[in-house]
Structure formats: structure tokens, C-alpha cells
Amino acid sequence: MNENDDPEAKTVAAADGAVPGGPAVADGAVGPAADDALVAPAPGPTRRLFWSALGVALGLLVFDQSTKWWAVDALADSKSIPVFGDFIRFWLVYNPGAAFSMGTGVTWIFTVFAGIAVVAIAWYAWRVRSTPWSYALGLLLGGATSHFGDRLFREPSFGRGHVVDFIDYSGFFVGNVADIGIFAGAVSIVVLSFRGIEATQVPAPAEAGSDSVETGSDGKSRD
């Protein structure tokens, strides 16, 4: 009688870890199927998070540009509107440079930097796998894109446009809504970094049997 036709032989082989009709597996070893289940490929960046970042960026872009058009129309002729006394007021300023009006003679350099920033943030947002990071990067992307649009299309010329600022903080700094979004995004990134939340980290799946009793290789439970 052939050994493969003996039911008792099949039972003994299965108990020893062998698979009928296939290669034998040593005691305590993990078979090919189980090994493939344990080593699953890490998921790639999700489009949902990228579209979330773009949605936040678009919302900030539209809101910032709307307030700028309002400021240009309502605050012409050096008109000032108090908001919180002298602490915050609306006052129209055209900024050819960077923050605190630095670099006013090289506007085109800031246009180039703004364009590079938009591309870099969008590329990183495509790789993100964390929802809070997608929102933070969306704020940065929206603010940078709005500033880039000012540099490209506003007066006095293409690529040398002046950014519209109209929120005056006690004369110390005059900014806009995009600046608020960029600041909020930067602060969010700092907080996420301190909390150890990585932008491209894949969430660890829950381990199966984590609440069960730990067992040894001999199958006996360990307290």
C-alpha cells in the first residue's frame, strides 16, 4: 500500500507540520502562506489625504484673495478701519519684499522662492500619510500659492507683483489672511513633530491576539 493512501500516515504527517502533497515544514517554522501574511507590503500614500490637503489649500487661497480684493476696494486712499482699538486695524499696504518689507529691491527673487515653495509643499503633501499633517501642509500650500499669485499677477508687473497686506498689528507687522494660514500650519507642524507624529509614517496595525495569553513554542501558556 502506498503511504500517501494511508489515512493514518496522513494524520501523523499533519501533526508533525507536514503538508500532504507538499514540502514538509519543520516543527516551529512558519510556512510560506503564514510568512506572506506577516510581511505585508506597506501601503503607499493615499490620494484621499492629498485631496484633503488640496481642499484646505484651495479654501485658504479663495478666502485670502477675496479679502485682498475687499481691502484694495475698501481701504483705498490710506483709509484705516479699527478692529480692536489700536491693537489691530485694517490698513492697506503693498509689500514688494518679504516679511517686515525686507528685500524690497529684489522682488523677483521672492517670486522664484514662492514658486519653489509651492512645488515642494505639494510634492510632500502627495507623500503624506497622516491626516493632521495633510491639514497643516494644506495651510502652508494655500498661503504660499496665494502669495505666489500676488507675485505673478499683481502690479507693477508680471513676476514682480506686490503682496497685498492689510491687517496691521499695532504697527509692528502688517499681514494678510495667507500669513495667518502659514503661521497656523507651521505651528501645527511643530506640535505634531513634538508629539512624535510623523508625516509619512504608516499607522501600525493592531496585533492579533494581543489580549490573549502568551504562549511558548511548546504551546504551553506563560503567565
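Computed from the coordinates by the stated procedures, all read-outs in this text should not be read as laboratory data. Quick caveat, the model's predicted, so the values are computed rather than measured. Virtual Cβ from ideal backbone geometry, glycine too; neighbours counted across all protein chains shown.
Given their separation in residues at 0.36 nm each and the Cα-Cα distance between them, Ala76 and Val187 gain 36.7 nm when the chain is fully extended.
Given axes a ≥ b ≥ c from the Cα gyration tensor, I'd like to know whether the range 118-187 is rounded (a/c under 1.5), prolate (a/b larger than b/c) or oblate. Intermediate values should be presented prior to the final figure.
Numbers: a/c = 4.17, a/b = 1.43, b/c = 2.93.
It comes out oblate by the Cα gyration axes.
Taking chymotrypsin sites (Phe, Trp or Tyr not before Pro) across the range 112-201, the ones in a DSSP loop with at most 13 further Cβ atoms lying within 10 angstrom of their Cβ are Phe158, Phe172.
Computed extension gain for Asp86 through Val112, at 0.36 nm per residue and net of the alpha carbon distance, reaches 5.8 nm. Length available on full extension from Phe158 to Arg195: 0.36 nm per residue minus the Cα-Cα distance, which gives 9.1 nm.
Calculate, for Tyr169 and Arg48, the FRET efficiency according to 1/(1 + (r/R0)^6) with r their C-beta to C-beta distance and R0 25 Å; round to the nearest 0.05.
Values: r = 37 Å, r/R0 = 1.47.
For Tyr169 and Arg48, the calculated efficiency is 0.10.
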